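Read-outs: derived from the displayed coordinates by stated rules, not from any lab. In this text, all values refer to a predicted model and were calculated from it rather than measured experimentally. A quick note on method: Cβ atoms are made from the backbone with ideal geometry, for glycine too, and the neighbour counts reach across all protein chains shown.
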């Protein structure tokens with residue numbers, strides 16, 4: 001399973017112009033299959049992790065419910 005950290009690390013390396021397959025694998029600590037999965041499905045993982053971040057942010061902004069005895 002690909003983690004957010006692994007995906008964001010690969011994205012950062014690619015955005016900085018590092019496109020050497022072996023170097024990316026070594027820096028992020030991925031297997032060949034994991035890196036292939038990230039490279040083939042970059043849009044999917046970008047949307048997935050952005051959605052998770054958005055959901056977490058929305059959960060933090062929800063008003064906190066009081067317990068029944070605190071009303």
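Rounded to two decimals, what is the ratio between the C-alpha radius of gyration of the chain and 2.2 N^0.38 Å? In units of the globular-protein estimate, the chain measures up at 1.61. Taking the longest Cα principal axis of the chain as reference, the axis of helix 4-15 is set at about 50 degrees.
For the residues 21, 45, what sequence is obtained by ranking on other C-beta atoms within 10 Å, fewest first? If you can, show how the numbers build up before the last one.
Numbers: 21 11, 45 19.
With the sparsest Cβ surroundings first, the list reads 21, 45.
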